[in-house]
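Every number in this text was worked out from the coordinates using simple rules, so none of it is lab data. These figures come from a predicted structure and were not determined experimentally. All Cβ positions, even for glycine, are placed from backbone atoms using ideal geometry, and neighbour counts span all protein chains on display.
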Amino acid sequence: MLAGSPSVGQEPNSQSLDDLIPDSAVENAEAWATDSAPPAPDAAEEDAVQPDEPMAELPQLSVEWPDDLDLPPIETLEPDDDIRFADSNLPLLPEIPDAALETIGDNLVLAFAGDETGFAQREEFVSRFRTLSTIADLSNGDENIAQLAARARADQDLLSELLRIYGYYDAQVVRTVGGLSPGEEQADQNPVVRFDIVPGQRYRFGAIDLGDLGTAPDAESLRGIFEIQTGDPLSSDAIVEEQLDLDTALGEGGYPFAEIDEPDLLIDHRETRGDLTLPVRPNGKYAFGEVVSSDPDFLSGKHIGSIARFEQGDIYQRSLELDLRRAVTATGLVSSVSVTPREVTPPTETEPGVVAMDVKMTKAPLRTIAGAIGYGSEEGFRLQASWEHRNFFPPEGALKFRGILGTQEQLAGITFRKNNFGGRDKILTLDAFASTIDSDAFDARTVAFVANYERTSNLLFQKPLSWSVGFEAIATGERPPTVNGVVPPRETFFVGALPVSALLDTTDDLLDPTEGFRFGGRLSPEISSNNGVQSFYLRGQVDASYYQAINDRVVMAGRARFGAILGTDLDNIAPSRRLYAGGGSSVRGYGFQQIGPTDALGDPSGGRSLVEFSLEARIKTGFLDGAVSVVPFVDAGSVSTSTTPGFDDIKIGVGMGVRYDTGFGPIRVDVGVPLNPGPNDNPVAVYVSLGQAF
């Protein structure tokens, strides 16, 4: 600011600070201060404002104070019978002398007023609360009064919410922490939380509004699916369940574009009811049209349509749309797939519209190179490799080359497989291979061509009935194994076979069943030529297994197998076509094919009949989050040279196994011990594989 200029807000002709200080104060400050002292107390009292003096008029008060204010008289209100007031001498929650107690744990108790008829859902309510309670999560002995008090407030809110879910909107919940009354001191014993519950009157459904459901052609039947009616006991669970049922009915009844918004429940405490509004928009009824592929050269719409479980003109069903997506996924040719209905023709008052099913796919890698190397006590070293193109001959025509190098087996083969050939889940397989097998039972050099047409289960679609029919043309030169350098003569067999099989499966899982049964059979009429002698015979086998869960941890499993070859002598049957027993999928504790008749040198020679039994308990443990199970087992089996099974020389093996659940199937390790071993049987046998033994 410039010197001599007035400050902001100062008048130009106003006094300065120097003008306000008198000269006397400058010349003698102490004398000036004494002369300016306040007057004596008596003089101050004379100048003070007296209480009885009138107040000076306020110059800025412009509204006059009313002297004659006339207020209307206060109206007397009539009592309202709907409003209830609690007597100050009575508690809001009545005493519960005969309360029904539900003990949740050492530190938690629920007390219900009245009998169960007043709260019919009590058992379900308690179970639900036990699962969600924060107090129940506390470990016994770790809780204290502060923890319980904090969690008790949360559990009180939880109880109130659960009561409203069941329709009790006037319920009262009172909590007591520590088991003490107000004013008492904390006891030395473990603190306890008690909730006293008076459910009160259960509300009922009032008006039911389902939006535009009445515009659907079959509105009456759809309304019957939604079973909530006016006057029914109010339940939030019922709303969720019936909404799901209605949504399912719309999806299965031809409404691909149906929409259901969130429900709205308007509670009327005076009428003790709830009015439900569920906005439903059916958006038209439709039938299936054509299937349209996003990549016709890869998987055409015609081919995809052939594996769909619907025909054009069928009423749309959401489950069939989802099934088609799973079927395309099951081909193994795609990494992702979506199926979307698209309106082609809108519906009319008398006819449903038409929707095309647009299938959008992302190709998966089609070529696979695989290999494995391992060692087993039954088969020695084994190296296996393969190359496969899963869509070499579109659509779904796979070509595979495979080879095996091992101590006992060598193989080279080529396989053609056509999935979904002639119908859904039907597979045509053509296989040509050459192999050599040098086992304890026989030495075989084989060339074979095998054709098979089957309908079988897979991990995505486990079928109650599977079947197969086939053709086999085999040329094999076989002989008993070499012993002490002595090489037996080789015999050549030409075999033709027409095998058929069927399997009935009611189990709940393909790799690890816990309930149900399987019953299957295989028949193979065969013709064999050896040294100019032709033989006709029938090979047959029946397998049955049963599974029963004893509790959440234990599953009992049993198996039986019977086999027979009818129509010719044992010598007319190639050794590789005879029946054998023993091994990881047969009688554990014994070597592969080691049970049964032997030749003069003590080597297995096979038989014409077979019988096997197995029983095991699959017991879950707590190791690795329950992924590990132990399996004690007992197996028995016998092979006979006659056409009827014999039990005179039955072999029994016992042992213990371990299973590790990988999520897609168990890894199996079994250790078996033969109870009545032969001279060539080892004292212990170990087996490792994927999946259960049966």
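With R₀ fixed at 51 Å, the C-beta to C-beta distance from Ala432 to Val654 puts the FRET efficiency at about 0.75. Summing charges over neighbours of Pro395, with a neighbour being any other residue whose Cβ is under 15 Å away from its Cβ, gives +3 when K and R count +1 and D and E count -1. Normalised radius of gyration (Cα atoms, divided by 2.2 N^0.38 Å) for the range 439-690: 1.09. Distance between the 7 Å Cα→Cβ label points at Leu504 and Thr598: 4.1 nm.
Put the Cα centre of the range 402-473 next to the Cα centre of the range 288-307 and the gap is 29 Å. Neighbours of Ala544 by Cβ distance under 12 Å: Lys/Arg scored +1, Asp/Glu scored -1, total 0.
For the range 204-281, averaging the sequence separation of C-alpha pairs within contact (under 8 Å, six or more residues apart) and dividing by the residue count gives a relative contact order of 44 percent. DSSP beta bridges fully contained in the range 286-363 are about 65 percent antiparallel. Note on Ser294 and Trp467: the model spin-label points, each 7 Å out from Cα along the C-beta direction, lie 3.8 nm apart.
Can you work out the FRET efficiency for the pair Phe393 and Asp358, with r the C-beta to C-beta distance and R0 = 22 Å, to the nearest 0.05? The formula returns an efficiency of 0.30 here. The antiparallel fraction among DSSP beta bridges confined to the range 209-344 stands at about 90%.
Scoring 278-288, 300-310, 455-465 by mean Cβ neighbours within 10 Å over their residues and listing the highest first yields 278-288, 300-310, 455-465.
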